[in-house]
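To start, the structure under review is shown below, and the notes come after it.
Since every read-out is calculated from the coordinates, none of them should be taken as a lab result. Predicted model, so just to flag it, every value in this text is computed and none were measured. Counting neighbours? That spans all protein chains shown, and the Cβs are built from the backbone with ideal geometry, glycine included.
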Amino acid sequence: MGTEQKAEGTEQTDGGNPAVGIVRKVEAKYHELKKHAETYPYVWGSYAVVYGGFGLWFAYRWRRLRKTEDRVRVLQERLRQLAQAEESGSTSSSASTKVDKSVKESVGTSSSASTQVDKPPQ
């Protein structure tokens, strides 16, 4: 009974402040990991090498992706500016002649394509 009362007494002091119990658990886990690292240094060294290598590779790829995105944004902006300059520079009459030429070309290719499609298979 004496041990039960002592256990209840410690639970009551920890129950009042739950952060104390969490801190104790974290400290216990830290000491356990520290002891393990001192006992097996090569295992922890390999962890550092492997996960450090993954971290470096990830950082390299992330940076390269960001640089590529920046280059794409610059090229898109340049293309927008060229398209706006072309629209503002061209007159409506030259634009209509370009459209007429493209329509005539598409009609000519579609009529030849339709004759090829209409032939029955042999």
Inset, instruction - Starting from the exponent 0.38 and prefactor 2.2 Å, build the expected Rg for region 18-90 from its residue count and divide its actual Cα Rg by it. - result: 2.34
Legend entry - Debye, to nearest 20: dipole size of region 18-90, +1 on Lys, Arg Cβ, -1 on Asp, Glu Cβ: 220
